[in-house]
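Q: Next up is a structure, given as structure tokens.
The values are calculated or read from the model by the stated rules, or taken from the named source; none is laboratory data. Every value quoted in this text rests on a predicted model; they were computed, and no experiment measured them. Note that we place each Cβ from the backbone using ideal geometry, even for glycine, and neighbour counts take in every protein chain shown.
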Amino acid sequence: MDCGMGIQNWGGIAVLQEIVGKLHNEYILWPHQCQYKFMANEFAEKNGFPDVIGCIDGTHIPIRPPANDRDSYITRKGFPSINVMAVSDHRMVFTDVFVDS
């Protein structure tokens, strides 16, 4: 693996999924419904966004895909990658992370 220029081993998706899986129940937690109003108030106070409980973003991490399935990893921009999507709360703490090809 080469973290400087993107994941160079196609098994990187499995590694990221494993990491997210290990962190998911203890550190990456979707908020309970009873917290929504508090979170929305915090977002509005700190950032001026009313009725928001999370921010979502995603990125493509370049990889060297497996030779036998290269096409499954090609993005609309023409390079192989895995897709990572994350949601954070008003404290910039991850509440959800998804990794896929």
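Q: Can you name the residue in segment 57-79 that is touching a residue at least 40 places away in the same chain (Cβ under 8 Å) and of a type outside the set (D, E, K, R) and is also surrounded by the fewest Cβ atoms within 10 Å (Cβ to Cβ) among such residues?
A: P66
Q: Taking the options I63, I7, I13, name whichever one is modelled with pLDDT of 70 or more, β-branched (V, I, T) and closer than 21 Å to D100 by Cα.
A: Going through I63, I7, I13 in turn, just one is modelled with pLDDT of 70 or more, β-branched (V, I, T) and closer than 21 Å to D100 by Cα: I63.
Q: Continuing with the same structure: Go through segment 36-48 residue by residue and tally those that are loosely packed, with under 13 Cβ neighbours inside 10 Å and not basic (K, R). First the steps, then the outcome.
A: Taking segment 36-48 and keeping what is loosely packed, with under 13 Cβ neighbours inside 10 Å, we get 37-38, 45-48.
Now drop any that are not not basic (K, R), which leaves 38, 45, 47-48.
Looking only at that region, the number is 4.
Q: I've got another one for you. Give the residue, chosen from D51, D89, D100, that is touching a helix residue (DSSP H, G or I) at 6+ places or on another chain (Cβ under 8 Å), closer than 19 Å to E18 by Cα and charged (D, E, K, R).
A: Exactly one of D51, D89, D100 is touching a helix residue (DSSP H, G or I) at 6+ places or on another chain (Cβ under 8 Å), closer than 19 Å to E18 by Cα and charged (D, E, K, R), namely D100.
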